[in-house]
1. Starting from the alpha-carbon convex hull of the chain, give the projected area averaged over all orientations, in nm².
2. Starting from the Cα of Lys243, draw a straight line to each of the aspartates and glutamates and keep only those under 13 Å, dropping any in the same chain fewer than 8 residues away.
3. Under 16 Å from the Cα of Lys7, which lysines turn up, not counting those fewer than eight places away in the same chain?
4. Just subtract the alpha-carbon distance of Glu99 and Ile189 from 0.36 nm times their residue separation and send over the number in nm, one decimal.
5. Can you list the chymotrypsin sites (Phe, Trp or Tyr not before Pro) in segment 1-86 that are in a DSSP coil and have 14 or fewer other beta carbons within 10 angstrom?
6. Indicate, rounded to the nearest 5 percent, the antiparallel portion of the DSSP beta bridges found entirely in the chain.
7. Quick one: P(r) of segment 135-248 from all Cα-Cα pairs, 5 Å bins, percents rounded to integers, in order of increasing distance.
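Read-outs throughout are calculated quantities, based only on the coordinates presented, and are distinct from any laboratory measurement. Everything numeric here is computed off the predicted structure, so don't read it as measured data. Neighbour counts run over all protein chains shown; Cβ positions are idealised from the backbone, glycine included.
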Amino acid sequence: MNGCNGKMGQTITRIIQEYQEMKIVAGISRNTQKFINPYPVFKSFYELDSCEADVVLDFSNADAIPEVVGYCTRTGTALVTGTTGLSDLHYNLLKQASEVIPVFSAANMSFGVSVLLELVLKAAAALGHEYDIEILEKHHNEKKDAPSGTALMLARELQALRGSNTELVYDRSGRNEKRDKKEIGISSIRGGTIPGEHTVLFAGKDEVLELKHTALSRDVLGRGALKAVQFIAGKEKGWYGMKSMLKE
Ligand SMILES: NC(=O)c1ccc[n+]([C@@H]2O[C@H](COP(=O)([O-])OP(=O)(O)OC[C@H]3O[C@@H](n4cnc5c(N)ncnc54)[C@H](OP(=O)(O)O)[C@@H]3O)[C@@H](O)[C@H]2O)c1
């Protein structure tokens, strides 16, 4: 478990105890003493070469991706990563790794969000270009990246559906112009302990349709991640995500 002492790492450390068929054999944290965990914790993957695991589960930070990918490809270990805020460089590293090992990447591990995506694409196709699309996401005040990986995922899927001239707009301040039809707006709110909320809004003439998912606790994300771990263990090398897991 990479990022074992983070919020998701600790959520998974707690809920995995309910599962007979999985256990964490080691954790990675730069602060090994932060919590007492029922497994050994190492400062980095470089200390881990003697450790055998079927899957590395990563909830950490984009900066950690090169080290995680390095370990997994060196040892032939499958990787499930939920880390967000990834740049194209990080994605490319993960994609390259998927030519050697199975890699599962999802900006949101909850089943409900996968269904939200399907509904959103259906609504967008049915409503057409007359409806303006805005995405609103809310998260706790400790989240570093904005917009959320899930909001970006929803936006990019909608962009792919609407066509390549669709523009993602993150900030309207300083813009002194009307909203263009080709825009998809994305807004982020940070506060308190909100685990995660995503709303996709279709605004037409005299009507608004909203599709919304609320994560009530991190457990739903942790359970989804453990489902992904079970799904990917023993799989062939390749690129996997929520869509491939739902299909299977
Ligand atoms: N896909 C999903 O469903 C989902 C759900 C929730 C969160 N997330 C994403 O998962 C990530 C972790 O979320 P979280 O809420 O658990 O965050 P968090 O509480 O901040 O924990 C992140 C952990 O990553 C480690 N870390 C931070 N920077 C690092 C670096 N440069 N190198 C190595 N390790 C580093 C830290 O561990 P040490 O300081 O102990 O080393 C920290 O405990 C974020 O990207 C978040 O957006 C995704």
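1. Mean orientational projected area (the chain, Cα hull): 14.6 nm².
2. Within the straight-line cut-off, Lys243 pairs with Glu118, Glu157.
3. Lys34, Lys143, Lys144
4. Going from the current span to full extension adds 28.7 nm.
5. In loop regions of segment 1-86 (DSSP not H, G, I, E or B), the sparsely surrounded chymotrypsin sites (Phe, Trp or Tyr not before Pro) are Tyr19, Phe35.
6. Around 40 percent of the beta bridges assigned by DSSP in the chain are antiparallel ones.
7. In whole percents, the pair-distance histogram is 2, 9, 16, 18, 19, 15, 11, 6, 2, 1, 0.
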